[in-house]
Structure formats: structure tokens, C-alpha cells
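Participant: One structure follows; several queries about it will come next.
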Amino acid sequence: MAQEVSMIGVLTSGGDAPGMNAAIRAVVRTALARGKKVKGIQKGYHGLLREEIIDMDKESVSDIIQKGGTVLYTARCMEFLTEEGQKKAAAICKKHGIDGLVVIGGDGSFRGAQKLAHLGINTIGVPGTIDLDIACTDYTIGFDTAVNTAMEAIDKVRDTSTSHERCSIIEVMGRHAGYIALWCGIANGAEEILLPEKYDNDEQKIINHIIMSRKKGKKHYIIVNAEGIGHSASMAKRIEAATGVETRATILGHMQRGGSPTCMDRMYASIMGAYAVDLLCQGKSCRVVAHKDGKFTDFEIDEALAMKKSIDEYQYEISQILSGRKIGE
Ligand code: ADP
Ligand code: F6P
């Protein structure tokens with residue numbers, strides 16, 4: 001078992017996510033309460049390699065729990081992908097007395113954390129991504145705020161779509177994963193939910209449904225399209241040409257990553273940040289905090305990265321039923 005730590009560093013890495021600030025606050029305050037010193041590393045691994053390291057105290061995380069983004073900034077860093085970069089980063093941690101590190105980010109960031117752990121820095125990952133695509137955990141910080149933001153935006157598009165009797169394709173984020181699309185698709189009552197994990201590329205089927213529902217007098221047709229499928233603009237053109245129904249594409253984009261975190265994100269981020277510090281205080285390293293089957297827990301990073309996550313079959317089946325497609329066919 002690794003040594004107990006005396007100074008804890010915290011960084012955010014990869015895409016930002018609402019709730020990251022709540023996690024930073026929890027790391028800082030829990031570490032201080034446990035008698036540890038804390039340093040904030042700005043701009044993820046990029047900032048670590050440039051020694052952008054600041055002292056953190058109780059006040060430095062005041063008034064941030066309600067804020068979107070990350071006060072520590074975030075970045076993606078190519079240099080850190082190299083062995084040389086990783087060795088340099090570990091040496092910088094040691095130079096600054098950082099013997100424990102909390103990395104708030106996604107799978108990529110955890111791969112980096114694992115490398116630092118192997119180089120003698122005790123590291124713990126905290127899942128922060130709007131994509132919900134980390135297999136070891138049922139919850140990732142930022143997802144709840146992002147789906148609520150997207151849901152509200154889709155409701156608004158639906159209003160104008162109905163007024164103009166249009167078809168609307170709304171593209172949501174998620175990289176290669178369809179969780180945001182699935183949740184919004186269900187929550188917004190979409191007629192089509194296109195997920196990278198499920199889509200059969202049968203655009204003709206969609207076209208037939210639009211024509212049929214138009215004949216039945218339906219005023220709008222909402223298609224929630226996951227980023228992993230993409231091509232929303234060209235899809236809209238093809239659908240309009242084939243159905244004669246005016247079709248518009250809206251790509252929600254980065255607005256989904258911003259905004260004040262929901263209560264759920266603040267709560268999970270707070271517990272997960274604190275839990276990460278407590279793992280370090282127990283001398284643990286190379287682990288990821290997770291929420292699995294209703295409980296906060298942790299996994300070896302290796303084990304966590306080897307896990308696979310897939311769209312829940314029952315949820316998907318119900319999404320298809322609720323879209324109305326399976327009724328009266
Ligand atoms: P996320 O953490 O959201 O999945 P990325 O995949 O962009 O985001 O990863 C964030 C950063 O983590 C990368 O820019 C890189 O610096 C580091 N990283 C990603 N993959 C690895 C890896 N295999 N080894 C070391 N560092 C990595
Ligand atoms: O991982 C979060 C995420 O917002 C994905 O949903 C999206 O694919 C990606 O990041 C966008 O990254 P960037 O901010 O670099 O455009």
C-alpha cells in the first residue's frame with residue numbers, strides 16, 4: 001500500500017463539466033479538514049507541465065459551488081501523452097511537494113492519472129464529464145446539468161417547430177456515447193432518438209414515419225440526434241427534400257457544458273471530491289471514485305478502464321415505445 005500523503009494537488013482535465021467547481025471545493029476543504037496542505041493545478045496536465053500551481057485555502061473555494069465551468073481551468077495536453085511528459089509532470093509534483101493528486105475528468109484524464117501513479121504520485125480520479133460515458137460509474141459530474149440544459153433548449157425548439165409545422169433535428173453532445181440523446185429523447189418526447197450505439201442508418205424509415213405522421217395531422221417531428229451520429233445539417237436537407245416537410249437542424253453545442261450545476265451535480269461532486277481525498281488519506285492510489293448501484297465506491301483505474309458500458313436495453317426499448325413508433329404500425 002502507498003504512503004499516506006501530506007500535500008494534495010487537484011486539477012481538472014479534458015472537457016469541463018458543471019459541478020467541477022463543487023468537486024474542487026470538496027477536495028480543498030476535506031483535505032484541509034484532514035490536516036493536509038492543498039495546491040491547485042491550473043489547466044490540467046498542460047498547466048502541471050508549466051508549473052501553473054497555486055496555493056489553495058478555505059477561502060479560495062468560497063462562492064464557487066454554484067458556478068459552471070472550472071475555476072482551475074482545463075485543457076487537453078498532447079505533451080503529457082509522451083513518457084517524457086509524464087516523467088516531467090511527476091518530477092514537478094515532487095518538486096512542489098505534491099504527493100497526492102486528485103484528477104477530475106474523464107477516461108483520458110484517468111489514463112494520465114494512472115501513469116502518474118506508476119511514477120510514484122498517489123492519484124485518484126473523480127469522474128467529471130457531461131457524456132456519462134465512464135463505465136465504472138452510473139453517475140458522472142455534469143451529466144445532470146447538461147441534460148437539463150439540453151432538455152430546456154429542445155422544449156424551446158419544439159415550440160417554434162410546432163408553430164411552423166416543421167421537422168426539427170436537434171443534435172446533442174456526448175462524443176461517441178448516446179446517453180444525453182437517450183435521456184433528452186425520452187424527456188422531450190422526441191419522435192426519433194438516434195444513438196451511435198443503436199442507429200441502423202435507415203433514413204428512409206425516418207422519412208416514411210414523417211410522411212405518415214404528417215398525414216395523421218402531427219404538427220411537429222422532433223429528432224434528437226447524438227453528436228456521435230452527426231451530419232444533422234445534411235440530414236435535414238435530405239429529409240426536407242424527401243418529405244416536403246420543412247426541416248431545420250439545431251446543434252446545441254457547448255451551451256450544454258455551461259451553466260450553474262443542478263443540485264444533483266453539486267451533491268455528487270461534493271461527495272466524490274471528499275471521497276477522493278479520503279482515499280488518499282488512507283494511503284490509496286491509482287483508483288477512481290464511482291457511484292455504482294446506489295453507493296459511492298471506488299475501483300482500480302486499470303479495472304475501471306477495462307469496463308464496458310452500453311445503453312440500457314430496457315430504457316432503449318421504452319424510448320422507442322414512448323416515441324409512438326411502435327403503436328399502430
Ligand atoms: P477526458 O478526460 O474528458 O476523457 P481527454 O480524452 O481529452 O478527456 O483526456 C484529457 C487529457 O488526459 C489529454 O489531453 C491527455 O493530456 C491526458 N491523456 C489522455 N489519454 C492519455 C493516455 N493514454 N496517457 C496519458 N495521458 C492521457
Ligand atoms: O467530453 C465532453 C464533450 O463536450 C463531448 O460531448 C464533445 O464531443 C467534446 O467534449 C467537445 O470537445 P471540445 O470542447 O474540444 O469541442
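Participant: Please verify whether the range 158-171 includes one or more residues that are away from ligand 1 (no atom under 16 Å from the Cβ) and touching a Leu at 6+ places or on another chain (Cβ under 8 Å). Step through it out loud before you land on a result.
Facilitator: Taking the range 158-171 and keeping what is away from ligand 1 (no atom under 16 Å from the Cβ), we get 158-171.
When the remaining residues are screened for being touching a Leu at 6+ places or on another chain (Cβ under 8 Å), the result is 170-171.
Scanning the range 158-171 turns up at least one residue that is away from ligand 1 (no atom under 16 Å from the Cβ) and touching a Leu at 6+ places or on another chain (Cβ under 8 Å).
Participant: Something else: Collect the residues in the range 209-230 that are within 16 Å of ligand 2 (Cβ to nearest atom) and touching a helix residue (DSSP H, G or I) at 6+ places or on another chain (Cβ under 9 Å), keeping them in residue-number order.
Facilitator: Within the range 209-230, Val224, Asn225, Ala226, Glu227, Gly228, Ile229 qualify.
Participant: Residues that are among the basic types (Lys, Arg) and over 25 Å from Asp16 (Cβ atoms): which helices (runs of 4 or more DSSP H) entirely in the range 203-310 hold 2 or more of them?
Facilitator: Because the criterion is at least 2 residues that are among the basic types (Lys, Arg) and over 25 Å from Asp16 (Cβ atoms), the helices (runs of 4 or more DSSP H) in the range 203-310 that meet it are 203-215, 232-243.
Participant: Moving on to the next point. Scan Thr123, Thr162, Thr149 and give me the residue that is among the hydroxyl-bearing types (Ser, Thr, Tyr) and closer than 23 Å to His254 by Cβ. Give the steps one after another, and end with the answer.
Facilitator: On the way: Thr123 fails: closer than 23 Å to His254 by Cβ; Thr162 fails: closer than 23 Å to His254 by Cβ.
After ruling out the rest, the residue left standing is Thr149.
Participant: Just a yes or no: is a residue in the range 13-31 open to solvent by 10 Å² or more (accessible area, probe 1.4 Å) and farther than 26 Å from Ser260 by Cβ?
Facilitator: no
Participant: Could you identify the single residue in Ser270, Ser213, Ser232 that is over 23 Å from the mean Cα position of the chain (by Cα), away from ligand 1 (no atom under 16 Å from the Cβ) and open to solvent by less than 60 Å² (accessible area, probe 1.4 Å)?
Facilitator: Going through Ser270, Ser213, Ser232 in turn, the sole match is Ser213.
Table: residues versus (1) under 13 Å from the mean Cα position of the chain (by Cα); (2) within 16 Å of ligand 1 (Cβ to nearest atom); (3) modelled with pLDDT under 95.
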position: Gly44; (1), (2), (3): no, yes, no
position: Asp63; (1), (2), (3): no, no, no
position: Glu84; (1), (2), (3): no, yes, no
position: Ser109; (1), (2), (3): yes, yes, no
position: Lys115; (1), (2), (3): no, yes, no
position: Leu132; (1), (2), (3): yes, yes, no
position: Thr137; (1), (2), (3): yes, yes, no
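The values are calculated or read from the model by the stated rules, or taken from the named source; none is laboratory data. Because the structure is predicted, anything quoted here is derived from the model rather than measured. In this analysis, Cβ positions are derived from the backbone assuming ideal geometry, glycine residues included, and neighbour counts consider all displayed protein chains. Remember, those area values only see protein heavy atoms, side chains included, never the ligands or the DNA or RNA. Shrake-Rupley method; radii C 1.70, N 1.55, O 1.52, S 1.80 Å.
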